[in-house]
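Remarks on the structure that follows.
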Amino acid sequence: MSNKEGSGGFRKRKHDNFPHNQRREGKDVNSSSPVMLAFKSFQQELDARHDKYERLVKLSRDITVESKRTIFLLHRITSAPDMEEILTESEIKLDGVRQKILQVAQELSGEDMHQFHRAITIGLQEYVEAVSFQHFIKTRSLISMDEINKELIFTTEDNGKENTTPSSDAQDKQLGTWSLKVTPVDYLLGVADLTGELMRMCINSVGNGDIDTPFEVSQFLRQVYDGFSFIGNTGPYEVSKKLYTLKQSLAKVENACYALKVRGSEIPKHMLADVFSVKTEMIDQEEGIS
C-alpha cells in the first residue's frame, strides 16, 4: 500500500493533510461588487423571462380550448338546418380566440418569437385547424398561411374589444399595432390535423343523407396528401409523423366514397353511417395488426 493511501485503501484528499483549523476559510462576499451586481441583473432577467414563458403557456392553453370548442361547433353544421347561423357563431368564437392571440402578441412585443415558440405552438396549431376548417366549409378550399397571418395583425381598436391585462411597455401602446405570424411548421401541422376533422365531417354528413360532401372531402384530402408527400422526410420531424395519420384519414374517406358509389343504392340512407363506422373499425384493426 502506498503512502498516499489510508488504512481503508482510499486515496487521501489534498486538504486532509492540513489540520482543520488551518484550512482556508471563505471570505464574506461583497454584495456591491460588480460581479454580484451583474449576476443579480442576470437573475432578474431570467425570472422575467420564465414568468413571461408561463404566461404564454397559459394563453396557449386558452387558445387551444377555445379553438376546439369552435371545431365542435362547426361539426354541428352537418345536421343543423341553418348553416349561416353556425358560421356566424363560429366567427364570434374565433374573434375571441384572436383576442387571446392579441395578448400573446403583446407579450412578445420586442422579443424574439422563436425563443418562446415552444410555449405557443400548440395553441397556434389548433387555431390554424379551426380557421382552416371554417374556411373549407365556406369555400371548399384550403386557406393560405398569408390569409391567416393577415387576420393576426391587430390595432388599438382590436385591443379595445376585450379587457386585457395592460402591457408594461408603454411604447407599444402608443404605436397601437401588434402582430403575430404563424410559422410554416405550425401551419403544416394545423392542416395535417384538419384532415382528421374532415374525415369526421364526411362520416357525419353521410349519416345525415348528404352524399356529395364525402366526394368533395375525398378530392380535397387527395390534394393535401399529395402536397405532404412532396415534403416527405425532408421536412420537420413532426410533419413526417403526421403523414401517417393523414393517410389513415384519406383511406377512411375513400372507403366511404367506395361504399357510396358501389353499394349506395343497396343500403338505406339511415344505415349508411353504421356501415361506415363498422368499416372504419375494421380498417383500424387491420392497421393495428400490421
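Just so it is clear, none of the values below were taken in a lab; they were calculated from the coordinates. Nothing here was measured: the structure is a model prediction, and the numbers come from that model. FYI the Cβ positions are ideal-geometry reconstructions off the backbone, even for glycines, and counts take in every protein chain you see.
Okay, here's what the table says:
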quantity: Thr156 versus Val65: modelled label distance in nm, points set 7 Å from Cα along the beta carbon direction; calculated: 3.2
quantity: When each of Lys100/Lys252; Lys181/Lys242; Lys58/Lys150 is checked by Cα-Cα distance, pairs over 28 Å; calculated: Lys100/Lys252
quantity: Approximate spin-label separation Ser141-Gln115, in nm, with each point projected 7 Å along Cα-to-Cβ; calculated: 4.0
quantity: Point-to-point label distance, Glu54-Leu87, nm (Cα→Cβ direction, 7 Å offset); calculated: 4.4
